[in-house]
Each structure stands twice: as structure tokens, then as C-alpha cells.
Amino acid sequence: MAVLPIRKYGDDVLRKPAEPVTEFDESLQKLINDMVETMYAAPGVGLAANQVGISKRLMLIDLSVGKRPGELHVIINPEIIETQGEITDEEGCLSIPDFVEVVTRPERVKLRYIDRNGEEREMWGEGLMARAMCHEVDHLNGTLFVDRLRGLKRDRILKKIQKLAKSGMWF
Ligand code: NI
């Protein structure tokens, strides 16, 4: 296993919609294992494949960051099929280090996806899990959480991020 470099704001791969996974082969398993190690090392609760430069519809969520067995979700070709409610809370991203902003997301999300063994599954997530599901699906569509900010706040934050990205401090 290997810790992979995490792509940061300004990298084109984060803006390109990712391609569906079609081969459940050994190289996919290796990529998943490397992504798990990368997410835990960061540390983070979620990671999308395009954040490590691979434009595939594959994402991980583990709200325990590896502390509790059974909490790692390997999610392939996800589709949000139902949402309920709305909740506003803080959110951050490994590709935009040190920025935490308030974003409104659905309170409950139902996801249809394929697991690492190629089995189709469905899962409801609530609260932080629902937030992580939406955040990572956004990544696979080329959207970052700061895109969901509005108005003056968005302009102010984007200006700060672009300045920091240009300074090379993240790379
Ligand atoms: Ni993120």
C-alpha cells in the first residue's frame, strides 16, 4: 500500500467529471487500498479517486477515520436516489486545506452504489454521513464544496483560496 499525493484546488483533474468504473480487477483493489491508506494518513473522513488524480467514480467514507472496524465504505458508481430534509453545518475538504465553511446539504441521503466486490447496494446516510456522501459525489462530478457557497462570502473565500493556491504553499 502507498500514501498517494492529494490533488489540491486548481488541479484540473478535480474539475473533470469522473468516468464510471467498469473493471473490478486487481488494479482497482490496489487503488482502493492506496486510497484508504491516503485517507487515514491525511487524516480525512472521505476521499474521491479524482483527489488522487484518478478520474474514476470511486469514493471512500469512514467517519471513524479507521478507528472503528466496519465503518469504511467503499462506494463505486454512486447515485443519489433520494434525499430528505436540509441541514446547515461546517464542511472542509482535503483538496482545500485549512478552509472550513458552512454549507447546506440534505439531512438524509439514499445512495445506490456498487461495493468493491461488484455487488449492488443501497444505503441511507444521516447527518455527517449524508454530508460526506454529497460532498464526495460532488467531487466525482467535478464540484468542490466552495462552489456551493453563495454571494459575497463565496467571492471572498475564492479570492483567498486562489491566492494561496498560486503561492504554491499547497504543492
Ligand atoms: Ni473533499
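Laboratory data are not the source of any read-out in this text; all were calculated from the coordinates shown. Worth saying up front: this structure is predicted, and the values here are computed from it rather than measured. Please note: Cβ atoms are built from the backbone with ideal geometry, for glycine as well, and neighbour counts cover all protein chains shown.
Of all residues in region 90-106, those that are within 18 Å of I61 (Cα to Cα) have Cβ atoms under 8 Å from Cβ atoms of residues that are away from the ligand (no atom under 12 Å from the Cβ) and of a type in the set (K, R), 6 or more apart or on another chain, in E91/R105.
With the structure loaded, tell me whether I114 is within 13 Å of the ligand (Cβ to nearest atom) and either in contact (Cβ under 8 Å) with a residue 60 or more places away in the chain or within 14 Å of the chain's Cα centre (by Cα) (or both) or whether it fails that test.
It is false that I114 is within 13 Å of the ligand (Cβ to nearest atom) and either in contact (Cβ under 8 Å) with a residue 60 or more places away in the chain or within 14 Å of the chain's Cα centre (by Cα) (or both).
When region 117-146 is filtered for residues that are out of contact with any strand residue (DSSP E or B) (no Cβ under 9 Å at 6 or more places or on another chain) and within 11 Å of the ligand (Cβ to nearest atom), only T143 remains.
Take the residues in region 117-156 that are closer than 14 Å to D62 by Cα and of a type in the set (D, E, K, R); name whichever of them is surrounded by the most Cβ atoms within 10 Å (Cβ to Cβ). So the residue we want is R131.
Taking only region 98-112 into account, find how many residues are more than 18 Å from T143 (Cβ to Cβ) and surrounded by 12 or more Cβ atoms within 10 Å (Cβ to Cβ). Steps first, answer last, please.
Our first condition is that a residue be more than 18 Å from T143 (Cβ to Cβ); within region 98-112, this holds for 98, 107-108, 110, 112.
Then drop every residue that is not surrounded by 12 or more Cβ atoms within 10 Å (Cβ to Cβ), which leaves 107-108, 110, 112.
The total comes to 4.
The set of residues in region 83-117 being touching a helix residue (DSSP H, G or I) at 6+ places or on another chain (Cβ under 6 Å) and among the hydroxyl-bearing types (S, T, Y) consists of S95 alone.
Is there a residue being part of a strand (DSSP E or B), within 22 Å of Q29 (Cα to Cα) and of a type in the set (S, T, Y) anywhere in region 106-116? Before you say what the answer is, go through the steps one by one.
Narrowing region 106-116 to residues part of a strand (DSSP E or B): 108-114.
Narrowing further to those that are within 22 Å of Q29 (Cα to Cα): 111-114.
From what's left, of a type in the set (S, T, Y): 113.
Checked against the condition, which is being part of a strand (DSSP E or B), within 22 Å of Q29 (Cα to Cα) and of a type in the set (S, T, Y), region 106-116 yields at least one hit.
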